[in-house]
Each structure stands twice: as structure tokens, then as C-alpha cells.
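The values are calculated or read from the model by the stated rules, or taken from the named source; none is laboratory data. The structure displayed is predicted, hence computed values, not measured ones. Every residue, glycine among them, receives a Cβ derived from its backbone with ideal geometry; neighbour counts consider all protein chains shown. Please note that ligands, DNA and RNA were not included when accessible areas were found on the heavy atoms of the full protein model with its side chains. Shrake-Rupley method; radii C 1.70, N 1.55, O 1.52, S 1.80 Å.
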Amino acid sequence: MPGLVEKSNQTLVTQFVLQGFSEHPQLRLPLFNCFFFLYTLALVGNTLIITIITFSSGLHSPMYFFLFNLATMDIICTSSVLPKVLVGLASEENTISFQGCMAQLFFLIWSLSSELLLLTVMAYDRYVAICRPLHYGTLMSLRLCLALAVAVWVICAVNSSVHTGLMAQLSFCGPNVVTHFFCEIPPLLLLSCSSTYVNSIMTVLADAFYGCINFLLTLMSYGFIIASILRIRSAEGKRRAFSTCSSHLIVVSIYYSAVFCAYISPASSYSPERSKLAGVLYTTMSPTLNPLIYTLRNKEFKTALGKLLHFCRH
């Protein structure tokens with residue numbers, strides 16, 4: 001069988017076959033067109049966000065600084081998965097080397113965990129902006145924002161290195177078909193012929209921290225935000241306050257729904273169909289929708305975009 005090699009009387013996997021959407025061959029062309037369109041939209045949208053925030057001095061505030069980081073994470077997330085998906089849909093055989101699979105796993109875990117952590121930081125930023133507006137400049141200083149961003153990237157890089165390192169230590173000596181369209185922890189653990197106990201423990205701990213604790217912290221921030229908005233007497237004041245955090249709330253809802261669906265369950269109850277649907281949401285739909293959600297509902301951003309386009313024309 002291709003992708004297998006003999007070593008010390010044991011057959012080891014040198015490459016994996018990504019199942020992708022091979023069970024629906026009639027949908028290959030429509031899916032290719034769909035993923036290509038969404039990938040292009042995600043790249044253009046997030047690159048535009050990074051460019052506008054970089055060159056618009058009026059957007060050099062904590063909220064847009066974190067949005068800059070979110071757009072960068074979205075590009076890493078979608079670029080670690082979709083190019084390989086497009087190659088798989090365009091060709092008959094969709095294989096990925098063992099090293100390529102580990103690299104994809106690293107960048108995917110890094111970007112996904114960073115995004116979850118950053119969404120919590122952004123929720124805290126909105127809490128300070130709405131609940132403690134007079135102290136916003138002090139509480140969300142440039143030094144603190146930089147420290148939070150660096151902490152997010154570093155903590156999640158360490159987390160990703162641990163999971164990828166543990167996965168690379170496993171033995172894969174039997175089936176090599178990954179029942180997904182990219183390399184992900186649950187389907188890879190099911191293929192291992194060595195003990196996955198440590199991997200499973202670390203996955204549960206990561207789920208508890210990134211999924212549950214971050215989710216509770218985000219809910220806590222929004223609990224205070226909603227309570228503060230309800231105390232505002234004028235309807236216009238309530239509308240203005242809610243508009244400053246509604247975009248972030250929409251993104252959080254979409255992202256956590258997909259992640260909970262994919263990860264907050266034991267590997268033994270892994271469902272390929274459910275995981276593929278969730279994977280499409282957080283690797284494709286979320287990076288594509290984030291720029292639209294944050295820009296279409298934001299007057300400051302649309303003004304900055306207009307100025308940048310005017311400058312480019314002249």
C-alpha cells in the first residue's frame with residue numbers, strides 16, 4: 001500500500017490520504033468553485049483589514065489592534081487548510097506526507113487556539129469600553145495591549161507545539177485514511193496503533209482551557225456589558241453601546257458553535273460528517289465572514305476605507 005514503509009518489523013505510515021469530500025464525487029467541481037471563492041474572499045478581506053488598520057491613524061486603538069491580530073490569525077488558519085483542499089478537489093488523489101500533516105496540524109491548532117484566546121481579550125476590551133469608559137485609556141494602555149497580544153501568540157504556539165509533538169511521537173502502522181479534509185487531532189488519534197492516553201489527556205485539558213474557561217470569561221464580560229447597557233436610560237444610548245460590541249458577539253457565537261461541535265466530545269464519539277461541517281465553519285466561513293461582519297457594521301472602518309481608496313486613486 002502506498003504511504004507505508006517497513007521499519008523494525010513494523011509497517012509505518014509515511015503519508016496520509018485525506019478523505020475530503022470523496023464520498024460525493026459529483027460535487028467536486030461545485031465544491032472547488034465554492035472553496036476557491038471563499039478562500040479568495042477571506043484572503044482579500046483580511047488583508048484589507050490589516051492594510052487599512054496599518055495605514056489609518058484613526059484606527060490605531062486597542063479594538064482595531066486586536067482586530068489586526070484576528071485578521072492575521074484568520075489568514076494563517078484558512079491558508080493552512082484550503083490550498084490543500086483545493087488541490088484534493090482538483091485531483092484524483094488527495095495525499096499529504098506525514099511531515100506535511102504535522103505542519104498543517106501545528107499551524108491550525110496555533111491559529112484556532114489563538115483566535116479563541118483573542119476573542120476573550122476582545123470581550124474584555126469591550127467590557128472596559130462600555131462599563132468603564134472613563135478609565136479606558138488607562139486600563140487598555142499600549143503596553144498592556146502589546147503584552148496581551150504577545151501572550152496570546154506565545155501561549156498558543158507552545159500549546160500547538162505540545163500537541164503536534166505528542167502526535168508526531170505516535171506510531172501509525174495500519175490504515176492511513178484521515179476521515180476529514182485536513183489533519184485534525186480526533187481522526188488522527190483513531191488511526192494510531194500506539195497508546196493515545198497522554199494525547200487524550202492533553203486534548204481534554206486544552207478543551208477545558210480554550211473552550212470552557214475562555215467561553216465562561218467571555219460570557220462574564222458580556223454579562224457585565226448587558227447589565228451596563230440596560231442601565232442606560234435613552235434608547236439611542238443603548239443602541240450606540242450595543243453596536244460597539246454586536247459584531248464581536250456575532251463572531252464569538254459562530255466560532256464557539258463550530259469549535260464546540262468539533263472538539264468538545266471524546267475521540268471515541270468522533271463523527272466525520274459533523275466534524276467536516278464544523279471544520280468548514282471555523283476554517284472557511286469564519287475567516288470569510290469576520291471581515292464582512294466587522295467592516296459592514298463599522299462606520300469608522302468604512303470611513304477609513306473610503307479615505308484609503310481616495311488616496312489610491314490620486
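Assess whether LEU29 counts as being of a type in the set (A, V, I, L, M, F, W, C), modelled with pLDDT of 85 or more, assigned to a helix (DSSP H, G or I) and open to solvent by 70 Å² or more (accessible area, probe 1.4 Å).
The answer is yes for LEU29.
Identify, please: which residue in segment 80-108 is out of contact with any Pro (no Cβ under 9 Å at 6 or more places or on another chain) and polar (S, T, N, Q) and is, among those, farthest from LEU188 (Cα to Cα)?
The extreme case among them is SER91.
Out of ALA227, ALA157, ALA151, ALA147, which single residue is in a helix (DSSP H, G or I) and modelled with pLDDT under 95?
Only one candidate passes the filter, namely ALA227.
Filter segment 262-298 down to residues that are charged (D, E, K, R) and at pLDDT 75 or above and give me whichever is surrounded by the most Cβ atoms within 10 Å (Cβ to Cβ).
LYS276
Under the condition of being in contact with a strand residue (DSSP E or B) (Cβ under 8 Å, 6 or more places away or on another chain) and assigned to a loop (DSSP other than H, G, I, E, B), which residue from segment 56-115 is least open to solvent (accessible area, probe 1.4 Å)?
That would be ASN94.
I'm trying to understand the selection: among the residues of segment 214-256, which are among the aliphatic types (A, V, I, L, M), surrounded by 13 or more Cβ atoms within 10 Å (Cβ to Cβ) and in contact with a Lys or Arg (Cβ under 9 Å, 6 or more places away or on another chain)?
ILE225, ILE229, ILE232, LEU249, ILE250
Answer with yes or no whether GLY211 is without any contact (Cβ under 8 Å) to a residue 12 or more places away in the chain and open to solvent by less than 40 Å² (accessible area, probe 1.4 Å).
So GLY211 fails the test.
Restricting to segment 152-172, give me the number of residues that are open to solvent by less than 40 Å² (accessible area, probe 1.4 Å) and touching a residue at least 24 places away in the same chain (Cβ under 8 Å).
11
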